[in-house]
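To start, the structure under review is shown below, and the notes come after it.
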Amino acid sequence: MEGSIAESPHVIKPVEKIPDTMPILPLRETVVFPETVTPLAVGQERSVKLIDDVLHKDKMIGLATIRKTEVEVAGPDDIYSVGTAAIIHKMLKVPDGSLRILVQGVKRIKIVDYTMTDPYLVARVNVLEDKMEMTKEVEALSRNLQNVFTRIIGLVPYLPEELQMAASNVDDPSALCYLIASAIKIKTEEKQELLEEIDVEKRMRRLTVILNRELEVFELGSKIQNEVQSEMDKTQREYFLRQQMKAIQEELGETDEIAAEVNELRGQIDELDLPEEVDRQARRELDRLSKLQPAAAEYSVIRTYLDWIITIPWNKGTTDNLDISRAQQVLDEDHYDLEKVKNRILEYLSVAKLKQEAAGSMAGPILCFVGPPGVGKTSLGHSIARALERKFIRISVGGVRDEAEIRGHRRTYIGAMPGTIIRAIRDSDSNNPVFMIDEMDKLGADFRGDPSSALLEVLDPEQHFSFRDHYLDLPFDLSKVLFIATANILDTIPPALRDRMEVIELSGYTEEEKIHIAKKYLISKQTEANGLNPKNISFTDKAILRIIQDFTREAGLRNLEREIGSVCRKAAREIAEGRKGKFKIDEKAVEEYLGKKRYFSEARRMTSEPGVATGLAWTMSGGDIIFIEATAMHGKGMLTLTGQLGDVMKESAQAALSWVRSHSDALGIPEDYFQNHDVHVHVPAGAVPKDGPSAGVTMTTALASLAIGKPVASNIGMTGEVTLSGKVLPIGGLKEKVLAARRAGLNTVILPRENEKDLDDVPEHLRKTMTFILADEVSDVLNAALLDGKAAKAVAAAEKRAVSRKKAAAGRAKARKATGGKKATARKAAAGAKRNPSPRKASSAKSGGRGKVSPKK
């Protein structure tokens, strides 16, 4: 396996006679074309013997290229079947034992089969003749090849100019193709493809494509080289001019430009009261700058670095206003309700005031506001800054995936700059602003780093007094900064980061609170934003309530403000068109301006049939209601679950079905009901993923309703986890779920008894107007949701029918009748007790301090 040592092709007069059998010399990454001369290096022992034998005979040899270069000893299967018959003109022995030969390609050959493989390859061959018809197209292709090849010769240093003359003197199109293909450096596969093509016109077209590609690459490289050379010439010219200008300034006694800039920077550093380490670093970099020329690459890097050091407010801050009563007034002006949040903020300010009076330090905890969108998390930060008379800055870290966004890039990178923390501090021009980090729960992470890990130092009161940005590489004291983070949910915040923050939860607003906020804040804001004033427009309370109930369905206020703005815009248009008088927006005007209602209370319609129950769910946008639908069809007891349910919710459905089946007798369900029916449980909407255990009681109620044949009360929403033993376990997010029930028009909520303490978080007016049923077991839930007077009679009748079906067993029938009579009597007594509650029960409900709270029955 040999290769070319230096290709120097020339057209040679071909030899006509080609033997039928000849030795084959494998070539590595080299293709020899007919009518060209090529030098080769021969090194392998078997190849040296082949050359020696050939030189003692007719000097005719077959040259074929190896398919894969990694093959050490090529066999028949490793060699292309099309090669070139050649004559060895010269041979030179080298001291290392290898040979240098000069071969002349004669004819293209095709290897038919191999007659010998040892000590070298010998094969029978056939000559492949060209197919060519001299047409105008062939002539045009020849001229085009000559022109393109001439242009390439002018761009490529390794091609001698003599080739241009040689190519122009070749009249045979086939020989021209061989000459050009052997001269340029292209892939071995492409050269082999040209060699194997017997149609001269097709070969010329293929070679034209290859030459044009190579020409484009050579022209691009030449362009790049010219641009680089031009830039170098420009840089040298600027250097000489600056040196001349420097000499002229020295002769005239003028100040050096670089010295003037360095003196200006030194003066700015002297005026600043920088920390010791920062001042030392700044002066060190300034000394380096003074020794560099402006044309140096590092000059601009150091200059930018010094600009950042000078513009950062190391010791510049605002004076806090710690008047607690004023802070209370500001918070009340900007936000309605949120008493728990306001009290926590005032506590923080009070502690800060005492600590500042004692030690001059105001370092404190990091606050994190968590709640659904639109409840006022960001605006609370503005209010805190206004109350303290501090600067306010806000950054959003939602979707940030690069750790360098927080800490910055090191100065070794081109275009490096500090991270968002230091940049925001610089923009605020204060070292103690109120710093809000928004969308904390939407941080990302990938191969570039984990931003949440970088925030650990920023938000740790024990560490951030010496925060080091990668770009500055200097400690900056963040302990004076009041950090406030916001998030919609806590689950996606890493535990280590969550542990460094004090979480303050903000829940959604009730309808009454939304009406008050709209009257006090939103209407005046939208009126002003749309060019109106209170003399032009006013809203009635019923109109606001109509917008809240029929056109919005949210925990916050954004959609409400958007709809109020829509009404104001329509009124502004009518005023602009010439209408006089004041607009009074009532319910009729709301429907006229906003159209038909968009949201409806579906609980009554959805639960009108057995097998449907209304559950309460917590979402990142607040609370919402969900419907659990169950249906049965003839089958073999299979359970099907749909609605994009998570694993936990699927397990809750399995537990609910198991409990209902195990209590079939008590519920009056035929024994073979679940054996002969398949059950399908679906939770709309099917496109929304759902998970969690709190739908357990709702699924149990839906399955029981389906099997008994009685619908669930349409005014009841329920929540709670269910165990196989029928226990109702506590859940989270109770306030959001109660608000969702109220928005959906439900007035009764069934909840676990262990969540009774959480009712303190529910607004007092809701506790007075809604009924809360506390459940310990599933039977409490079913009694409240299904077993009213009529349902109790239906269950008793179902039990009697179940007894009558078993009358065939005479001895057992009497026992069943007796048992059935006792159960019926007990249920009648329970129904009577329900219709006539005892004074003790009524007083318990009244004294609970939670409105209508029903204890366990």
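Annotations for the structure displayed:
- For M436, distant residues with modelled amide H under 5 Å away: I393, R394, I395, I484
- Column: log10 I(q)/I(0), Debye, Cα scatterers of the chain, q = 0.05 Å⁻¹: -0.63
- Unit Cα scatterers, Debye sum, segment 304-428: log10 I(q)/I(0) for q = 0.11, 0.19, 0.22 Å⁻¹: -0.52, -1.15, -1.32
- Report summary: the helix-based calculation at 222 nm, which adds -39500 (n - 2.57) for every DSSP H run with n ≥ 4 and divides by the residues of the chain, gives -14500 deg cm²/dmol.
- Between helix 297-311 and the chain: long-axis angle, C-alpha atoms, 0 to 90°, nearest 10: 20
- Applying both filters, DSSP loop and at most 15 other Cβ atoms within 10 Å, to the trypsin sites (Lys or Arg not before Pro) of segment 621-700 gives K636.
- For W314, the accessible surface of its heavy atoms amounts to roughly 20 Å² (probe 1.4 Å, protein chains only, rounded to the nearest 10).
- D (Stokes-Einstein, µm²/s), Kirkwood Cα radius, segment 424-485, 1.002 mPa s at 20 °C: 169
- For I773, the residues whose amide H sits under 5 Å from its own are V749, I750, L751, S854, ignoring neighbours fewer than 5 places away on the same chain, with H placed 1.01 Å from N.
- Between helix 558-576 and the chain: long-axis angle, C-alpha atoms, 0 to 90°, nearest 10: 90
- Taking the C-alpha atoms only, the angle from helix 377-388 to the longest principal axis of the chain is near 80 degrees.
- Accessible surface of the chain [probe 1.4 Å, protein heavy atoms]: carbon and sulfur percent: 51
- When each of K735/K757; K514/K582; K110/K185; K514/K542; K107/K131 is checked by Cα-Cα distance, pairs over 18 Å: K514/K582; K110/K185
- Rounded to whole Hz, the Karplus (6.51, -1.76, 1.60) HN-Hα couplings of segment 652-665, x for glycine and proline: 4, 5, 4, 5, 4, 5, 4, 5, 5, 5, 6, 10, 4, 4
- All Cα-Cα distances of segment 366-429, cut into 5 Å bins from zero to the largest, leave 4, 14, 18, 21, 18, 13, 7, 5, 1 percent in each bin in turn.
- Segment 206-250: radius of gyration and largest Cα-Cα distance (Dmax), Å: 19.5, 66
- Charge dipole magnitude, Cβ of K and R +1, D and E -1 - segment 308-400, Cα centre, debye nearest 20: 340
- Under 5 Å from the amide H of L63 lie the amide H atoms of L25, T84, A85, A86, each residue being 5 or more positions distant or on a separate chain, with H modelled from the backbone and absent for Pro and chain starts.
- Lys pairs under 24 Å by Cα in segment 276-357, provided they are eight or more residues apart or on distinct chains: 6
- For segment 325-331, Karplus couplings with θ = phi - 60° (6.51, -1.76, 1.60), whole Hz, Gly/Pro x: 5, 5, 4, 4, 5, 5, 5
- Segment 232-352, accessible area per residue, ligands and nucleic acids excluded (1.4 Å, Å²): 61
- Rh by Kirkwood over Cα pairs, then Stokes-Einstein D for segment 454-530 at 0.890 mPa s and 25 °C, µm²/s: 152
- Tensor-based shape of segment 642-751 (alpha-carbon gyration tensor, a/c under 1.5 rounded, otherwise prolate or oblate): prolate
- By definition, a body whose alpha carbon gyration tensor gives a ≥ b ≥ c is prolate when a/c is 1.5 or more and a/b is larger than b/c, and segment 531-652 fits this prolate description.
- Non-local Lys pairs in segment 186-276, i.e. 8 or more apart or on different chains, that have alpha carbons under 27 Å apart: 5
- Projected-area mean, segment 430-564, by convex hull of Cα positions, square nanometres: 12.1
- Of all DSSP bridge pairs formed entirely within the chain, close to 55 percent run antiparallel.
- All-pairs alpha carbon distance profile, segment 238-356, 5 Å steps from 0, percent: 2, 9, 14, 12, 9, 8, 7, 7, 7, 6, 6, 4, 4, 3, 1, 0
- In order along segment 153-163, the phi-based Karplus estimate (6.51 cos²θ - 1.76 cosθ + 1.60, θ = phi - 60°) of 3J(HN,Hα) comes to 4, x, 9, 9, x, 7, 9, x, 5, 4, 4 Hz; Gly and Pro are listed as x.
The values are calculated or read from the model by the stated rules, or taken from the named source; none is laboratory data. Nothing here was measured: the structure is a model prediction, and the numbers come from that model. Cβ: placed from backbone, ideal geometry, glycine included. Neighbour counts: every protein chain shown. These area figures cover heavy atoms from the full protein model, side chains too; ligands, DNA and RNA do not enter into them. Shrake-Rupley method; radii C 1.70, N 1.55, O 1.52, S 1.80 Å.
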